[in-house]
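Here the structure comes first, spelled out in structure tokens, and everything after it is commentary.
The values are calculated or read from the model by the stated rules, or taken from the named source; none is laboratory data. Please read all numbers here as calculations on a predicted model, not as lab measurements. Because the Cβ atoms are built from the backbone with ideal geometry, glycine has one as well, and the counts that use them run over all protein chains shown. Note: accessible area is taken over every heavy atom of the protein model, side chains too, but ligands, DNA and RNA are not part of it. Shrake-Rupley method; radii C 1.70, N 1.55, O 1.52, S 1.80 Å.
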Amino acid sequence: MSETLVFLVHAPGGSAVALRGPELTIGRRSDCGLVLAGPGVSRDHARVVEMDGGGYVLEDMGSMNGTFINGERIERARVRPGDEIRIGTTTMTIHLLSADALPAGPDAVAFAEGDRLCEEGRLPEAAQAYELGLRAHPEDHDRRMVLGHLLEAAGRWERAEAAYRAIPAAVETHPEAARALERLQEKWRIYGKVKTLLVEDGPATEALLGPGERVAVEGPGWVVHFPLSADPALLKTIAKTLALARRRLEETVGSLPERVTIEVYQTEEELRRASPAPTEAFATWMAGVYDGTVRVAVGEGALPEPHFLVLLLTHEVAHVAVEAASRGRCPAWLDEGIAQGVAQNLPHRALARLTVAAAREALLPLRVLEGPFSRLEEKPLVDLAYAQSYSVVAFLEKAVGWEGLRALLAALGDGSSIEEALEALGWPYPRLEAAWQAGLIAQGG
């Protein structure tokens with residue numbers, strides 16, 4: 001059974017072209033096997049040639065701007081299914097199909113490619129492939145409906161609206177398209193409200209449509225991905241909190257990454273599903289930081305009190321700042337202590353329990369608290385760990401100031417161990433724990 005290459009061209013007016021002989025020429029000339037327009041394409045740009053031993057090679061034919069496979073410029077190279085070729089501003093994907101099973105036309109190849117890309121979650125590319133197929137079969141309104149869904153899910157609402165409107169009233173899918181248009185109109189309404197609230201009257205600089213039911217709101221040094229179904233007033237609270245947190249962190253930790261990303265979800269369950277972190281990575285499932293991204297649930301029942309969102313976000317953004325300053329080498333007790341100190345969100349009852357534990361000589365060694373607190377398993381121990389962290393960092397801050405704490409984080413970022421960094425600061429572990437515990441006991445008396 002013979003096989004042939006199929007080239008799916010990703011460009012306006014693109015197509016799917018099968019290599020049905022030993023050679024396929026590519027260029028601007030009208031008699032090329034694959035004609036490409038646009039800047040950067042030579043008259044005779046490249047050719048694909050079948051090799052005697054099987055397989056295919058792509059050869060550049062002395063073009064001015066070059067031929068690229070998977071981002072690398074080539075003179076002559078073997079091509080394989082899945083490779084991406086770029087010529088000028090046009091890209092194309094290669095597929096190897098059985099000649100006997102080759103679809104009747106390029107539209108079928110494009111739809112098949114769209115289905116594959118959709119399964120991989122590559123929605124914009126899947127929509128592009130569907131658009132190619134519909135150029136050959138504009139009467140396929142079932143697939144046009146799918147195209148509308150793909151564009152809508154990818155945040156391309158204007159193009160989605162155009163796809164839905166192109167479905168005539170006489171066809172079976174028209175009622176579904178009409179409902180989709182109503183849904184889009186409601187999304188536009190909410191988006192307009194968000195943009196007015198945050199950009200025109202608030203601290204954000206831009207509000208952009210995001211994939212699915214989300215909007216991306218950008219501000220100085222931050223971007224928030226927010227569900228349109230959530231209360232826009234919460235988004236304004238988040239934006240103001242981020243501006244305040246940034247100023248507070250510049251005064252304390254010293255700096256933040258150029259951009260902090262916040263992912264907002266309606267429920268804790270959505271947060272669980274979306275986060276790449278294991279369950280034990282978060283102290284609670286209301287918020288957490290994973291891979292530099294802050295994730296928070298804001299829907300009804302997720303946050304006990306409105307003001308708690310401010311404390312929660314400030315705490316989590318502080319973790320991002322500490323992670324950046326120490327290059328990920330900060331022990332848990334120092335990380336948590338700084339985050340709680342910046343956010344000022346440790347309950348007084350936790351500090352009271354800490355004083356009792358000090359009087360009973362039941363405090364946890366700081367070396368034990370270098371790793372994740374989830375290892376402690378029992379909630380009373382976890383609560384004690386958080387209280388100790390806050391208290392130790394507060395003690396250090398009084399002793400060496402934020403300048404000293406910044407030096408500590410910088411030393412960790414430069415590769416020093418926590419023991420070496422504390423020693424250089426003049427507070428090695430034994431001295432730090434002894435002085436801190438003595439102060440706690442005196443405070444309790």
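Does at least one position in the range 388-400 carry a residue that is touching a residue at least 60 places away in the same chain (Cβ under 8 Å) and more than 20 Å from SER255 (Cα to Cα)? No, the range 388-400 contains no residue that is touching a residue at least 60 places away in the same chain (Cβ under 8 Å) and more than 20 Å from SER255 (Cα to Cα). Look at the range 256-280: where a residue is more than 21 Å from VAL215 (Cβ to Cβ) and a partner is of a type in the set (Ser, Thr, Tyr) and at pLDDT below 75, sitting 6+ places away or on another chain with Cβ atoms under 8 Å, you get ARG272/THR279; PRO276/TYR290; ALA277/TYR290; GLU280/SER374. Does ALA394 satisfy being surrounded by 13 or more Cβ atoms within 10 Å (Cβ to Cβ) and farther than 16 Å from ALA318 by Cβ? For ALA394, the condition - surrounded by 13 or more Cβ atoms within 10 Å (Cβ to Cβ) and farther than 16 Å from ALA318 by Cβ - is not met.
Name every residue in the range 26-42 that is without any contact (Cβ under 8 Å) to a residue 24 or more places away in the chain and either of a type in the set (S, T, N, Q) or open to solvent by less than 20 Å² (accessible area, probe 1.4 Å) (or both), in order of residue number. Result: SER30, CYS32, SER42.
The residue of the range 289-312 that is least open to solvent (accessible area, probe 1.4 Å), among those that are at pLDDT 70 or above and on the phi > 0 side of the Ramachandran plot, is GLY292.
Residue count for the range 245-276 satisfying the condition of being surrounded by fewer than 18 Cβ atoms within 10 Å (Cβ to Cβ) and of a type in the set (A, V, I, L, M, F, W, C): 1. Does ARG367 fit the bill of being in contact (Cβ under 8 Å) with a residue 60 or more places away in the chain and either within 22 Å of VAL320 (Cβ to Cβ) or of a type in the set (Ser, Thr, Tyr) (or both)? So ARG367 does not fit the description; no. Within the range 139-156, the set of residues being assigned to a loop (DSSP other than H, G, I, E, B) and open to solvent by less than 30 Å² (accessible area, probe 1.4 Å) comprises ALA154, GLY155. Taking the criterion of being among the charged types (D, E, K, R) and under 17 Å from THR25 (Cβ atoms), the residues of the range 62-77 that qualify are GLU75, ARG76.
Just to be sure I understand, how many residues within the range 48-99 are of a type in the set (Gly, Ala, Ser) and modelled with pLDDT of 90 or more? Residues in the range 48-99 being of a type in the set (Gly, Ala, Ser) and modelled with pLDDT of 90 or more: 4 in total. Beta carbons closer than 7 Å, at least 6 apart along the sequence or on distinct chains, pair a first residue in the range 53-67 that is more than 19 Å from THR90 (Cα to Cα) with a second that is among the acidic types (Asp, Glu) and open to solvent by 30 Å² or more (accessible area, probe 1.4 Å) for TYR56/GLU50. Picking from residues in the range 223-269 that are of a type in the set (D, E, K, R) and in a loop (DSSP other than H, G, I, E, B), the one that is modelled with the lowest pLDDT is ASP231.
The residues listed here are ARG135, ARG159; of these, the one that is within 21 Å of ALA170 (Cα to Cα) and part of a helix (DSSP H, G or I) is ARG135.
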